[in-house]
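Q: Here it is, the structure in full.
The values are calculated or read from the model by the stated rules, or taken from the named source; none is laboratory data. Computed from a prediction, not measured in an experiment: that's the story for all the values here. No Cβ is skipped: glycine too gets one built from the backbone with ideal geometry, and neighbour counts run over all protein chains shown. Note: areas computed on protein heavy atoms with side chains; ligands, DNA, RNA excluded. Shrake-Rupley method; radii C 1.70, N 1.55, O 1.52, S 1.80 Å.
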Amino acid sequence: MTQKNVFVICILCFISLVLSAADKKSAVSSTEANKPSYQLPQPAKENLDLTMYRRIREEGLTYSHVMEYASALTDGIGPRLTGSPNVKRANEWTRDQLTAMGCSNAHLEDWGEFGMGWQQLNTWVRMSSPDTAVFIAQAAPWSPSSNGAVSGPAISVEIKKDEDVDKYKGRLGGKIVLLGEMREVKPVDKPLFEREDDKDLAKIAEHPLLEENEYAQYLRDFPKRMALQEKIWNLLASEHAMGVILPSRDGRNSGGSGGTIFDDSRGLVQAAYKREHATPLPVVDMAIENYGRVYRLLKAHVPVTIEMNVDTKFTGDHEHGFDTIAEIPGADPKLKDEVVMVGGHLDSWASGTGATDNGAGTVVAMEVMRILNALQVKPRRTIRIGLWTGEEQGLFGSAGYVKEHFGFVPLSIAPDQMKLPEWLRKPAGPIQLKAEQEKISGYFNVDNGTGKILGIYLQENAAVRPIFEQWIEPLKDLGVTTITMRDTGGTDHESFDAVGIPGFQFIQDRMDYGSRTHHSNMDVYERLQPGDLAQAATVEAIFVYNTAMRDQMLPRKPLPHPELEEQRKVPLKKLMPGAEEVPETGADGPK
Ligand SMILES: [Zn+2]
């Protein structure tokens, strides 16, 4: 190698070094640029458009139309049991209203097969002897028809364990069965209607350290309970009982009394909407005081005759469920493919008109879209509404939408898990994601009744707290004060959260939701509070607008890893000083 060659080589080296450094630099900045914006550092200060706050507040609070939507949905359409003709009307009506208010691309999306379509046409139940009495009762959802009025002696049936089944063999033919023992009916000595006070809010804001896990216990016992339920209904069918009366369950503060009945299928076989689990004979939910009178007469060996007419109709065996979807398209060329979603579930139970559960969340989300359309906002990101169905039977509509667009969590196929209905099975992971999952900034849900918005559950997403704190500062005079790290469950934001999308449910004033309206015959228009709903729509519209307008998408929690769950729970090993080693034992003895 000559001196000159060395020099040339050195020059070449230098040039290639410079080139490769430049290459690397551009590679780094291009991966930064390709990262979804929720992964980038977030600005410390939110750029709030207070003029828009003012305009949304005026449109939402002074010129609210939320109660018009509410009356059309609850009075005009009525109860919206998934699979029913009414829920189909509600899907079509919401789609058409969203178009009429100026949304684009309003359409229905099929989330899959649900089960039987069903309608209650008329139900009455009365006592004809030893006295006459008119009772408060309605058909349990998916009850078959009695095909006209039937009359028979009443009998009380209480089955708590498998062995009890035999006691009733040969005794139930042609009888009207009061199924289950009478429960205690306490006086209503606390208000059925309550708002959160400062103490309640402080408690919500505080993170619980050790939650007692009632739900885990419920899950553990679930297959056993369902197996017993199956046996009971097989007995009633094979004995040719004529009809069944269920006592209404209670609500918070003894709200399950005074004419309120709950019809959320407690006491029925799981998934009564599936043909293969169909309830074999007419069944009604009855007011607890009416149930109590007959129950006490039977206990005292007084013969009681009941007449009932359960007039119901099945409208299809393999009905599909649909979500209503519509948009305000994004206007920023760089951000318009990104989305912020708002929604709630459109379906309800059958005995009321589904006003607070979840007509409220539905009309609030519609009003959010109306407000933003009325103000002719040009959002940077696309704003999309999703009104889900099948929520009451297991978040089917939102989960189906999320699976189709964003991703899904494979469920456990362990033998004990396979005995559970799909919505109760443990997530097994790893999570499967679709490309659109990187394009959705957040999802906002209302499904805790008619109460105004008091704050928001962060669903453990700590990074979003400083952002929402700034957003609610100008909303404190509307009562929006509280941000909590807590998870809240039981509704559709969970479908989004499960696949790593920031999904939020607001903290709402509790009102008479848990006591009287949730899943009851009293879930009707009169229970809706106009001021609260107008406030909720205004606040939600501001959250949605801010999410659509800020430079970045909302920060996310790390993606959940359900596949690591079991491993993370294993107790530490070789920990105790002085402990002797013992062979690990499995179910089959030492491994
Ligand atoms: Zn609900």
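Q: Would you mind telling me the antiparallel percentage of the DSSP bridges in the chain, rounded to 5? All intermediate terms of the calculation are to be shown ahead of the outcome.
A: Values: 43 of 72 bridges.
About 60 percent, rounded to the nearest 5.
Q: Can you list the residues, at least 5 places off or on another chain, whose amide H is less than 5 Å from the amide H of Gly316, using H built in the peptide plane?
A: For Gly316, whose amide H was placed from the backbone, the distant partners under 5 Å are Gly117.
Q: What is the local net charge at Pro560, summed over the other residues whose Cβ is closer than 13 Å to its Cβ (Lys, Arg +1; Asp, Glu -1)? List each step's numbers first, then the result.
A: Working: positive: Lys426, Arg556, Lys557, Arg568; negative: Glu460, Asp487, Glu494, Asp497, Glu563, Glu565.
Residues near Pro560 contribute -2 overall.
Q: Can you give me the distance in nm between label points at Glu404 and Leu50, each placed 7 Å from the Cα along the Cα-to-Cβ direction?
A: 4.3
Q: Region 167-286: percent of C-alpha pairs farther apart than 18 Å?
A: Values: 4767 of 7140 pairs.
That fraction is 67 percent.
Q: Which ³J(HN,Hα) values in Hz, rounded to whole numbers, follow from the phi angles of region 158-170 under the Karplus curve 6.51 cos²θ - 1.76 cosθ + 1.60, where θ = phi - 60° and Gly and Pro get x?
A: Result, ordered by residue: 10, 10, 10, 8, 3, 4, 5, 4, 4, 3, 9, 5, x Hz.
Q: Choose one of Gly251, Ser143, Ala428: the residue whose Cα lies farthest towards the positive end of the charge dipole of the chain (beta-carbon charges +1 Lys, Arg; -1 Asp, Glu; about the Cα centre).
A: So the residue we want is Ala428.
Q: Would you calculate a helix-derived [θ] at 222 nm for the chain, using -39,500 (n - 2.57) for each DSSP H run of n ≥ 4 and dividing by the full residue count, to the nearest 500? Present the calculation step by step, with values, prior to reporting the outcome.
A: Working: 15 runs with 178 residues, N = 591.
Mean residue ellipticity at 222 nm (helix-derived): -9500 deg cm²/dmol.
Q: In addition: For labels at Glu581 and Ala435 in the simple 7 Å Cα→Cβ model, what's the distance in nm?
A: 5.3
Q: Something else now. Rounded to the nearest 10 Å², what accessible area does Asp166 have for a 1.4 Å probe in the complete protein model?
A: Accessible area, nearest 10 Å²: 90 Å².
Q: Considering amide H positions built from the backbone, and no H for Pro or chain starts, which residues 5 or more places from Glu338, or on another chain, come under 5 Å of its amide H?
A: Result for Glu338 returns Thr382.
Q: Here's a follow-up. Local charge sum around Gly500 (other residues, Cβ-Cβ under 9 Å, Lys/Arg +1, Asp/Glu -1)?
A: Working: positive: Arg556, Lys557; negative: Asp497.
Result for the local shell: +1.
Q: Add +1 for every Lys or Arg and -1 for every Asp or Glu among the other residues with Cβ under 13 Å from the Cβ of Pro247, and state the total.
A: -2
Q: Listed here are the pairs Lys161/Lys313; Lys167/Lys419; Lys160/Lys569; Lys45/Lys378; Lys45/Lys557; Lys419/Lys569; which of them are more than 25 Å apart at the Cα?
A: Lys161/Lys313; Lys167/Lys419; Lys160/Lys569
Q: Please state, rounded to one decimal and in Å, the Kirkwood hydrodynamic radius that region 286-443 gives when every pair of distinct Cα atoms enters the mean of 1/r. Write down the numbers at each step before the final one.
A: Numbers: mean 1/r = 0.0507 Å⁻¹.
Every distinct Cα pair counted, the radius reaches 19.7 Å.
Q: Report the gain in length on full extension from Val302 to Lys334: 0.36 nm times residue separation, minus Cα-Cα distance, nm rounded to one decimal. Could the numbers behind the result be given before it?
A: Details: separation 32, 0.36 × 32 = 11.52 nm, distance 7.71 nm.
That pair, Val302 and Lys334, stretches by 3.8 nm at full extension.
Q: Compute the long axis of helix 288-299 from its Cα atoms, compare it with the longest principal axis of the Cα atoms of the chain, and write down the angle in degrees, 0 to 90, nearest 10.
A: Rounded to the nearest ten degrees, it is 40.
Q: Roughly what would the spin-label model give for Arg183 and His207, points 7 Å off Cα along C-beta, in nm?
A: Label-label distance for Arg183 and His207, simple model: 3.4 nm.
Q: Apply the Karplus curve 6.51 cos²θ - 1.76 cosθ + 1.60, θ = phi - 60°, to the phi angles in region 119-130 and return the couplings in whole Hz, x for Gly and Pro.
A: Residue by residue, region 119-130 yields 9, 8, 9, 6, 9, 9, 9, 9, 9, 10, 7, x Hz.
Q: Here's a follow-up. Over what distance in Å are the Cα centres of region 461-516 and region 220-285 separated?
A: Each part's Cα centre sits 33 Å from the other's.
Q: With a 1.4 Å probe and every protein chain left in place, tell me how much accessible area Trp124 has, in Å² to the nearest 10.
A: The accessible area comes out at roughly 90 Å².
Q: Which length gain, in nm to one decimal place, applies between Glu289 and Glu473 when the Cα-Cα distance is subtracted from 0.36 nm times their residue separation? Walk me through the numbers on the way to the answer.
A: Numbers: separation 184, 0.36 × 184 = 66.24 nm, distance 4.82 nm.
Gain on stretching Glu289 to Glu473: 61.4 nm.
Q: In degrees, nearest 10, range 0 to 90: what is the angle between the Cα axis of helix 396-405 and the longest Cα principal axis of the chain?
A: The helix 396-405 is inclined about 20 degrees to the chain.
Q: Residue-wise, which Karplus ³J(HN,Hα) couplings in Hz belong to region 86-94, taking 6.51 cos²θ - 1.76 cosθ + 1.60, θ = phi - 60°, and x for glycine or proline?
A: Computed from phi, the couplings for region 86-94 are 5, 5, 5, 4, 5, 4, 5, 5, 5 Hz.
Q: Taking amide H atoms as placed 1.01 Å from N in the peptide plane, list the residues 5 or more away in sequence, or in a different chain, whose amide H sits under 5 Å from that of Phe504.
A: Hits under the 5 Å cutoff: Tyr443, Phe444, Asn445.
Q: Sticking with this structure for a sec: Return P(r) of region 410-498 (all Cα-Cα pairs; 5 Å bins starting at 0; whole %; ordered from short to long distances).
A: 3, 10, 16, 18, 19, 12, 10, 6, 4, 1, 0
Q: Which value results for Rg/Rh of region 74-230 when Rg is the Cα radius of gyration and Rh the Kirkwood radius based on the inverse mean 1/r? The partial results should precede the final answer.
A: Numbers: Rg = 23.1 Å, Rh = 22.0 Å.
Reported Rg/Rh (Cα atoms, Kirkwood Rh): 1.05.
Q: Further, regarding this structure: Once you have a ≥ b ≥ c as the square roots of the Cα gyration tensor eigenvalues for region 333-409, tell me rounded if a/c is under 1.5, and otherwise prolate or oblate according to whether a/b is larger than b/c.
A: oblate
Q: Given 0.36 nm per residue, what is the gain on full extension from Asn34 to Val134 after removing their alpha carbon distance, in nm? Write down the numbers at each step before the final one.
A: Values: separation 100, 0.36 × 100 = 36.00 nm, distance 6.89 nm.
Separation in residues times 0.36 nm, less the Cα-Cα distance, equals 29.1 nm.
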